[in-house]
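Visitor: First the structure, which I've put down as C-alpha coordinates, then a few questions once you've had a look.
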Amino acid sequence: MNAFSLKIVTPDGLEFDGQAEELIVRSTTGDIGILAGHVNCVAPLGMGRATIITDGVKRYAACIGGMLSVVDGKVTLVPTTFEWADEIDTARVEASYEKAQKILSNKDASNTEIKLAEARLRRALVRRSVASNK
(Lines give C-alpha, C1' and ligand atoms only; values in the text may rest on other atoms or scores of the structure.)
Protein backbone atom coordinates (compact mmCIF):
# COMPACT_ATOMS: atom_id res chain seq x y z
CA MET A 1 0.00 0.00 0.00
CA ASN A 2 1.27 3.50 -0.82
CA ALA A 3 2.25 5.80 2.03
CA PHE A 4 1.81 9.53 2.61
CA SER A 5 3.43 12.08 4.90
CA LEU A 6 1.55 12.43 8.20
CA LYS A 7 2.23 14.93 10.95
CA ILE A 8 0.21 14.99 14.18
CA VAL A 9 0.74 18.12 16.25
CA THR A 10 -1.09 19.02 19.47
CA PRO A 11 -0.79 21.99 21.84
CA ASP A 12 1.51 19.71 23.88
CA GLY A 13 3.85 19.04 20.96
CA LEU A 14 4.59 16.66 18.12
CA GLU A 15 2.88 13.26 18.47
CA PHE A 16 3.84 11.75 15.13
CA ASP A 17 5.91 12.72 12.10
CA GLY A 18 6.41 10.06 9.46
CA GLN A 19 4.84 7.93 6.77
CA ALA A 20 1.41 6.32 7.08
CA GLU A 21 -0.62 4.06 4.83
CA GLU A 22 -4.01 5.04 6.22
CA LEU A 23 -5.63 7.52 8.60
CA ILE A 24 -9.22 7.45 9.79
CA VAL A 25 -10.49 10.26 12.01
CA ARG A 26 -13.84 11.57 13.14
CA SER A 27 -14.79 14.94 11.66
CA THR A 28 -17.73 16.99 12.85
CA THR A 29 -19.82 15.39 10.09
CA GLY A 30 -18.57 11.79 10.29
CA ASP A 31 -15.50 9.65 9.76
CA ILE A 32 -12.92 10.57 7.11
CA GLY A 33 -10.50 8.04 5.67
CA ILE A 34 -7.24 9.24 4.14
CA LEU A 35 -5.07 7.20 1.76
CA ALA A 36 -2.14 8.25 -0.45
CA GLY A 37 -3.32 10.49 -3.27
CA HIS A 38 -6.26 11.93 -1.33
CA VAL A 39 -7.72 15.15 -2.73
CA ASN A 40 -6.78 18.37 -0.93
CA CYS A 41 -9.19 19.18 1.89
CA VAL A 42 -9.61 20.79 5.28
CA ALA A 43 -12.02 19.47 7.90
CA PRO A 44 -12.86 20.28 11.52
CA LEU A 45 -12.35 17.33 13.86
CA GLY A 46 -15.05 15.97 16.09
CA MET A 47 -14.59 13.60 18.99
CA GLY A 48 -13.69 9.97 18.33
CA ARG A 49 -11.14 7.28 17.66
CA ALA A 50 -8.29 7.89 15.25
CA THR A 51 -6.85 4.88 13.44
CA ILE A 52 -3.36 5.17 11.98
CA ILE A 53 -1.68 2.43 9.95
CA THR A 54 2.10 2.71 9.66
CA ASP A 55 4.35 -0.06 8.34
CA GLY A 56 1.30 -2.32 8.28
CA VAL A 57 0.69 -1.83 12.03
CA LYS A 58 -2.64 -0.39 13.19
CA ARG A 59 -2.58 2.02 16.15
CA TYR A 60 -5.49 3.76 17.84
CA ALA A 61 -5.80 7.08 19.64
CA ALA A 62 -8.44 9.28 21.20
CA CYS A 63 -8.65 12.36 19.00
CA ILE A 64 -10.76 15.29 20.16
CA GLY A 65 -11.30 18.62 18.41
CA GLY A 66 -9.00 20.50 16.07
CA MET A 67 -8.42 20.35 12.32
CA LEU A 68 -7.30 17.98 9.57
CA SER A 69 -5.67 19.22 6.39
CA VAL A 70 -4.55 17.41 3.27
CA VAL A 71 -2.43 19.56 0.95
CA ASP A 72 -0.50 18.12 -2.00
CA GLY A 73 -0.22 14.68 -0.43
CA LYS A 74 0.87 15.93 2.99
CA VAL A 75 -1.56 15.26 5.82
CA THR A 76 -1.52 17.35 8.97
CA LEU A 77 -3.67 16.50 11.97
CA VAL A 78 -3.90 19.25 14.59
CA PRO A 79 -6.16 17.91 17.35
CA THR A 80 -6.88 19.70 20.59
CA THR A 81 -6.41 16.40 22.44
CA PHE A 82 -4.65 13.29 21.15
CA GLU A 83 -3.86 10.23 23.29
CA TRP A 84 -2.48 6.95 22.00
CA ALA A 85 -4.54 4.01 23.30
CA ASP A 86 -1.61 2.55 25.25
CA GLU A 87 -1.04 5.88 27.05
CA ILE A 88 -4.61 6.44 28.28
CA ASP A 89 -4.90 6.38 32.08
CA THR A 90 -8.03 4.27 32.54
CA ALA A 91 -8.35 5.15 36.24
CA ARG A 92 -8.44 8.84 35.29
CA VAL A 93 -11.02 8.09 32.59
CA GLU A 94 -13.27 6.30 35.07
CA ALA A 95 -12.93 9.13 37.63
CA SER A 96 -13.91 11.67 34.96
CA TYR A 97 -16.84 9.50 33.88
CA GLU A 98 -18.09 9.17 37.48
CA LYS A 99 -17.75 12.92 38.09
CA ALA A 100 -19.78 13.68 34.97
CA GLN A 101 -22.46 11.17 35.95
CA LYS A 102 -22.70 12.70 39.43
CA ILE A 103 -23.22 16.21 38.03
CA LEU A 104 -25.76 14.99 35.48
CA SER A 105 -27.79 13.28 38.20
CA ASN A 106 -27.83 16.43 40.35
CA LYS A 107 -31.24 18.12 39.98
CA ASP A 108 -29.76 21.43 41.12
CA ALA A 109 -27.00 21.55 38.48
CA SER A 110 -26.97 24.67 36.33
CA ASN A 111 -27.26 24.56 32.55
CA THR A 112 -23.56 25.38 32.30
CA GLU A 113 -22.64 22.56 34.69
CA ILE A 114 -24.81 20.15 32.70
CA LYS A 115 -23.25 21.15 29.35
CA LEU A 116 -19.73 20.80 30.78
CA ALA A 117 -20.61 17.42 32.33
CA GLU A 118 -22.07 16.19 29.03
CA ALA A 119 -18.85 17.13 27.23
CA ARG A 120 -16.78 15.44 29.98
CA LEU A 121 -18.91 12.32 29.66
CA ARG A 122 -18.48 12.19 25.85
CA ARG A 123 -14.69 12.58 26.19
CA ALA A 124 -14.57 9.86 28.84
CA LEU A 125 -16.58 7.49 26.66
CA VAL A 126 -14.28 8.08 23.67
CA ARG A 127 -11.16 7.57 25.79
CA ARG A 128 -12.64 4.43 27.43
CA SER A 129 -13.50 2.97 24.03
CA VAL A 130 -10.05 3.71 22.58
CA ALA A 131 -8.27 2.38 25.69
CA SER A 132 -10.01 -0.97 25.17
CA ASN A 133 -8.04 -1.29 21.88
CA LYS A 134 -4.61 -1.34 23.57
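Visitor: Is there any pair linking a residue in segment 100-112 that is over 16 Å from Arg123 (Cβ atoms) to one that is among the charged types (D, E, K, R), with Cβ under 9 Å and at least six apart or on different chains, and which?
Guide: Asn106/Glu113
Visitor: Given (1) in contact (Cβ under 8 Å) with a residue 24 or more places away in the chain; (2) more than 17 Å from Ser5 (Cα to Cα); (3) out of contact with any Leu (no Cβ under 9 Å at 6 or more places or on another chain), identify the lone condition not met by Gly37.
Guide: So the condition that Gly37 fails would be (2).
Visitor: For segment 4-34, name all the residues that are outside any strand (DSSP E or B), open to solvent by 50 Å² or more (accessible area, probe 1.4 Å) and touching a strand residue (DSSP E or B) at 6+ places or on another chain (Cβ under 6 Å).
Guide: We begin by selecting, within segment 4-34, every residue outside any strand (DSSP E or B); these are 11-12, 21, 28-29.
From what's left, open to solvent by 50 Å² or more (accessible area, probe 1.4 Å): 11-12, 28-29.
Answer for segment 4-34, where residues must be outside any strand (DSSP E or B), open to solvent by 50 Å² or more (accessible area, probe 1.4 Å) and touching a strand residue (DSSP E or B) at 6+ places or on another chain (Cβ under 6 Å): just Thr28.
Rundown of residues vs (1) more than 17 Å from the chain's Cα centre (by Cα); (2) on the phi > 0 side of the Ramachandran plot, yes/no style:
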residue	(1), (2)
Phe4	yes, no
Gly13	no, yes
Phe16	no, no
Ala20	no, no
Arg26	no, no
Asp31	no, no
Ala36	yes, no
Val39	yes, no
Ala43	no, no
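Visitor: Can you pull out every residue in segment 115-134 that is among the hydrophobic types (A, V, I, L, M, F, W, C), open to solvent by 50 Å² or more (accessible area, probe 1.4 Å) and either over 16 Å from Thr81 (Cα atoms) or touching a residue at least 60 places away in the same chain (Cβ under 8 Å) (or both)? Step through it out loud before you land on a result.
Guide: Taking segment 115-134 and keeping what is among the hydrophobic types (A, V, I, L, M, F, W, C), we get 116-117, 119, 121, 124-126, 130-131.
With open to solvent by 50 Å² or more (accessible area, probe 1.4 Å) added as a condition, the list becomes 116, 125.
Matches in segment 115-134: Leu116 only.
Visitor: So, of the residues in segment 98-114 that are open to solvent by 80 Å² or more (accessible area, probe 1.4 Å) and not β-branched (Val, Ile, Thr), which turns out to be nearest to Arg128 (Cα to Cα)?
Guide: Narrowing segment 98-114 to residues open to solvent by 80 Å² or more (accessible area, probe 1.4 Å): 98-99, 102, 105, 107-108, 111-113.
Filter once more, so that each one left must be not β-branched (Val, Ile, Thr): 98-99, 102, 105, 107-108, 111, 113.
Numbers: Glu98: 12, Lys99: 15, Lys102: 18, Ser105: 21, Lys107: 26, Asp108: 28, Asn111: 25, Glu113: 22 Å.
Filtering segment 98-114 for residues that are open to solvent by 80 Å² or more (accessible area, probe 1.4 Å) and not β-branched (Val, Ile, Thr), the one nearest to Arg128 (Cα to Cα) comes out as Glu98.
The values are calculated or read from the model by the stated rules, or taken from the named source; none is laboratory data. No experiment lies behind these values; they were computed from the predicted model shown. Cβ atoms come from the backbone with ideal geometry, glycine included; neighbour counts cover every protein chain shown. With ligands, DNA and RNA removed, areas are computed over all heavy atoms of the protein, side chains included. Shrake-Rupley method; radii C 1.70, N 1.55, O 1.52, S 1.80 Å.
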